[in-house]
Every structure is written in C-alpha cells, then in structure tokens.
Amino acid sequence: SEYPFEKHADLPPPTALKKRYDVVIIGGGGHGVATAYYLAKYHGITNVAILEKGYLGGGNTARNTAVIRSNYLTSEGVRFYSESVKLFRDLSNEFDFNIMYSRRGQLTLAHTDSAIRAFRQRAEVNKHFGGKTELIDPQQIRELVPTLNMYPGQQPVLAGLWHMDGATARHDAVAWGYAKGATQRGVELHQLTEVTDVLVRDEKVWGVKVRQGSAEHVIECGIAVQAVAGHSSLLAAKAGFRLPIVTYPLQAMVTQPVKPFLDPLVSSPAFHCYVQQTGRGELVFGGGSDPYPLYNTRSTMELKEELLAHAVELFPFVANLKLMRQWAGLTDMTSDYSPIMGLSPVENYYLDAGWGTWGFKSTPICGKTMAELVATGKVPDLIKPFGVERFSEFRQVNEMGATAASH
Ligand code: FAD
C-alpha cells in the first residue's frame, strides 16, 4: 500500500473521507487529538474528523522539549496551566498507555536582584493557586544540582525559583494516547490530508477543502476548530481574518546519553538556556526562538554555537559530550506570550492558536476546554482571558517574564 501509517497498532486503518462531519478539527497534533478525545469522551460527539497534513503528532508535538510546568506570572496563566499539570498526572492511567510522565521539579536561576524580585512574585502567585513553588537560596540549589556551576559567565547564581510540579512526558506518546482514545470512540483521524481552504458563507464556516495526494475534496462541517500551531495565521487567512501572530523557528538539540546526574529541569533566563536529562540519559538543550520571523525548520550553526556556549557555562563538563541531533519547529508568537483561544470572527470557527514555545504543557487542558466550547458554544471561564479580542481591547495577559527561556 502507498499509505505509510496503516500498521499503527493502536489506530484503526484509514477510511475514505465522508461528505460531512459535525466537527472538523484541523491539525493532528496533541491539541487537535486531545480536543477530539474530550469531545467524544465527555460530550458524546463522535461524528468528528481530525485532518492532518503530515502524520499524527509530527509537528511541534514531536519537536518540543517536553517541559511541563505551571509557574507562570499572571493569575490567568497559573490557573490555566495548573489544570493542565493536574490532567497530565493521570493520563497514563486514563489512556492505559504509558506517557512516561516524570515529575522531577523545575529550577529557574536568578542571577540579578531584579530576577529575585520577579521570582518572589511568581512563587506567591503560584502558591495562591495551590502550586508548589518556592524561592530557594544558593545552598539549597547546590544540594539539588551539585553539578551546577554557581558562577557561570561571571554572573553568580543568587537564588532559584524551585517549582516542584515541574515535569516531563514522552511528547509523541501524549498524541498517540489521545488519538487512540478518540478513534476507539469513533472519531476519524485522516493523516496526509491537508486543509487547503476554509469555506465561509455569510461569515459562518460551512466546510473545508482538502488535498489527499493529488485528489481534492470538499467536506462540509457544522463546526471547525483550527489547531495548527506554527501555521495559525496562514490558516486564519484562508478563513478570511488576520491573527496578531509572528512566526519564528525554535531550535533544540540533544547529546549522546550519559549516566544519570541531573534530575530537575534547570533553566537560566539570563543565559537563555535550559538543560534537562532525559530518562535515556541524553541532555536536551533549549533556548529562545530564532531572532527573525521565518517559515523554515532548518537548524543553524549560530544557534548551536550560542546555546552550547551557555550550556557549557552552566555545566562545564558537557563540553566533552557529542551532540546527536539538532532540529527546529515553527512557533507562533503573540506579543504577550499567551495563547489565542476561543471564538474567531467567523461563526462556528474556533481558535486554538498562538502556542509559541509553550504549548506542549497545555495539551490536556486545551483539549478539554476546546471540546467544551465546541459542545456548548460557550467559552469556558478558564480560557476567556485568551480571546483574540484582548488585543483590540488592551487586555493582554503578559507572560513574557515567565515564559522566555523556560518554555
Ligand atoms: P502541532 O503538533 O504542531 O500540531 C499542529 C498540526 O497541524 C501539525 O501536525 C501540522 O502538520 C498540522 N497542520 C498545519 N497546517 C495544516 C493544514 N493546513 N491542514 C492540516 N493540517 C495542518 N512547549 C512546552 O510546553 N514545553 C516545551 O518544553 C516546549 N519546547 C519546545 C521546543 C521546540 C524546539 C519547539 C519547536 C516547541 C516547543 N514547545 C514547548 C511548544 C510546543 O511544541 C507547541 O506549542 C505545541 O506542540 C503545539 O501543539 P499543537 O498540537 O497545536 O501543535
């Protein structure tokens, strides 16, 4: 067969597209399949098609560094991400499929007095919403991460934001688990199926145009959800409106595996670098987005040199390790570093966008809230602050200080 995915043990074989679905979900990344899963599980809505131009979870879901945390700065952000972290904890049981959820804590380093002030505020906001986050001193940091250089680049580590809820999970498994649960309940997953146009009449969506190989089809739908991560503004343009998003590549890299020495995730906003050791022993390095907008997932030498120089400042002995892989994804950045979720200017066309560098951790709660929106037509309270109208009403939710290098 020419279809490369049909032998996936946990997914049904592909079927022909139907002429109409109650709900079409554009994008088969974690967010899209999670939305389908919760629609089927909690709302009994199963006449649903997930349309994915590549393969399940092959976009940013496969490319992210799997940081899960809720230590944001704003009350809106902390409330939202905390719910996601709670859902993550039970996903393996819920799916009967191991997503390798691993709670190991996240440590963000302060190298200046102003960083300490900001961390103190974040710790208090987090605690207010039930999170486990504390400001800790250099001695406590030495005990948590004995291998850390406490004087990197002449910028001493003065304090740390210790977020005990910080975790990782196997990113692909999250998408696989949701897809398995959704398709078992009757949802259709169509891979290699690209949405090439969004069909709108009288400012209301009524269908999408799709391409499968050289064949083109029109599919009618009652509701459409766009969950296409790094392609949000391109798709919104097909639906006839603009999103306040600029798209930048974001790169990451991984070393050869070594003996376990680093349990917490360690991040330094000043060095724009974070480091974590995977369950297999590899070190994952991540940093900031590339400094110019671009639709391209190439890796660059500039980023490699800069990021590794910073990683070596934090953990000097990693200079001896070999790099195995470097890759990139496309990140849709909003000016306030918060997502764009909810209604759009087109009736029955819902948005799960603006996920920039921080959307893996929100996969479960995005699925749950987007499903509720689709099923009820009402925007859930948890995502009301993230509506696209906030940009014209000057109600931005500024998470810049709490996102940056920690993702
Ligand atoms: P995706 O998995 O990208 O899914 C969107 C899907 O839509 C894709 O599969 C794509 O093929 C499909 N699509 C696009 N256009 C169309 C179309 N026209 N028709 C049909 N399908 C279409 N977040 C964190 O929380 N923690 C991290 O540690 C973290 N690290 C990151 C590191 C890197 C290097 C990158 C690139 C991102 C990182 N992120 C992180 C961000 C996170 O990966 C994304 O925000 C998140 O994966 C978005 O989820 P998604 O399911 O919407 O995206």
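The values are calculated or read from the model by the stated rules, or taken from the named source; none is laboratory data. Small disclaimer: the values here were computed from a predicted structure and weren't measured. Counting neighbours? That spans all protein chains shown, and the Cβs are built from the backbone with ideal geometry, glycine included. Ligands, DNA and RNA are excluded from the accessible area calculation, which covers all protein heavy atoms including side chains. Shrake-Rupley method; radii C 1.70, N 1.55, O 1.52, S 1.80 Å.
Taking max minus min of the alpha-carbon positions on each principal axis, region 277-316 gives extents of 32, 23, 14 Å, largest first. Just need log10 I(q)/I(0) for region 24-122 at q = 0.14, 0.17 Å⁻¹, Debye formula, equal scatterers on the alpha-carbon atoms, no solvent, rounded to two decimals. Rounded to two decimals, the profile gives -0.73, -0.97. Projected over every direction and averaged, the convex hull enclosing the alpha-carbon atoms of region 67-123 yields 4.5 nm². The listed residues K204, K180, K384 rank as K384, K204, K180 when sorted by accessible area, largest first, using a 1.4 Å probe.
Full extension of the chain between A309 and S114 yields a length gain of 67.8 nm, computed as 0.36 nm times the residue separation minus the alpha carbon distance. For the residue pairs K53/K209; K209/K368; K86/K384; K53/K86, alpha carbon separations beyond 24 Å are given by K209/K368; K53/K86. The phi-based Karplus calculation (6.51 cos²θ - 1.76 cosθ + 1.60; θ = phi - 60°) puts the 3J(HN,Hα) values of region 58-65 at x, x, 5, 4, 7, 9, 7, 9 Hz, whole numbers, x for Gly and Pro. In sequence order, region 255-269 has phi-based couplings of 9, 4, x, 9, 4, x, 9, 10, 8, x, 7, 10, 9, 10, x Hz under the Karplus curve 6.51 cos²θ - 1.76 cosθ + 1.60, θ = phi - 60°, and Gly or Pro positions carry x. The distance separating the Cα centre of region 175-190 from that of region 29-71 comes to 9 Å. Heavy-atom accessible area, probed at 1.4 angstrom with all protein chains present, ranks R298, R242, R142 as R242, R142, R298, highest first. Relative contact order of the chain, please, whole-number percent, based on alpha carbon pairs below 8 angstrom and at least 6 residues apart. Normalised by residue count, the contact order of the chain is 23 percent. Would you mind computing the Rg to Rh ratio of region 160-307 from its alpha-carbon coordinates, Kirkwood style for Rh? Rounded to two decimals, Rg over Rh is 1.05. Net charge within 10 Å of F95 by Cβ-Cβ distance, Lys/Arg positive one each and Asp/Glu negative one each, not counting F95 itself? The answer is -3.
Under a Gaussian network description of the chain, with springs only between Cα atoms under 10 Å, the residue in E282, E52, E216 that fluctuates furthest is E216. Rounded to the nearest 500, what is the 222 nm mean residue ellipticity of the chain from helices alone, with -39500 (n - 2.57) per DSSP H run of 4+ residues and division by all residues? Rounded to the nearest 500, the figure is -8500 deg cm²/dmol. Normalised by 2.2 N^0.38 Å, where N counts its residues, the alpha-carbon radius of gyration of the chain equals 0.97. As a rough guide to protection, the peptides 343-350, 120-127 ranked by mean Cβ packing within 10 Å, highest first, stand as 343-350, 120-127. In sequence order, what are the phi-derived ³J(HN,Hα) couplings for region 205-221 according to the Karplus relation 6.51 cos²θ - 1.76 cosθ + 1.60 with θ = phi - 60°, rounded to whole Hz, with x for glycine and proline? Once θ is set to phi - 60°, the couplings for region 205-221 become 6, 10, x, 9, 9, 10, 10, 10, x, 9, 8, 10, 9, 10, 10, 8, 8 Hz. Its Cα gyration tensor gives region 117-200 an equivalent ellipsoid. The semi-axes, each the square root of 5 times an eigenvalue, are 43, 17, 16 Å from largest down. For the residues R211, R103, R69, a GNM of the chain with alpha-carbon springs under 10 Å puts the largest fluctuation on R211.
Summing Lys and Arg as +1 and Asp and Glu as -1 over all other residues whose Cβ lies under 15 Å from the Cβ of G377 gives a net charge of -1.
Between R104 and E134, residue separation times 0.36 nm minus the direct Cα-Cα distance comes to 9.3 nm.
Projected label points at E393 and N149, each 7 Å from Cα along the beta carbon direction, are separated by 4.8 nanometres.
The heavy atoms of K378 present about 140 square angstrom of accessible area, all protein chains included, probe 1.4 Å. Rounded to two decimals, the Cα radius of gyration of region 314-382 over 2.2 N^0.38 Å is 1.62. Taken over region 279-407, the ratio of Cα radius of gyration to 2.2 N^0.38 Å equals 1.31. Taking only the Cα atoms of region 165-214, the ratio Rg/Rh comes out at 1.16, with Rh defined as the Kirkwood radius.
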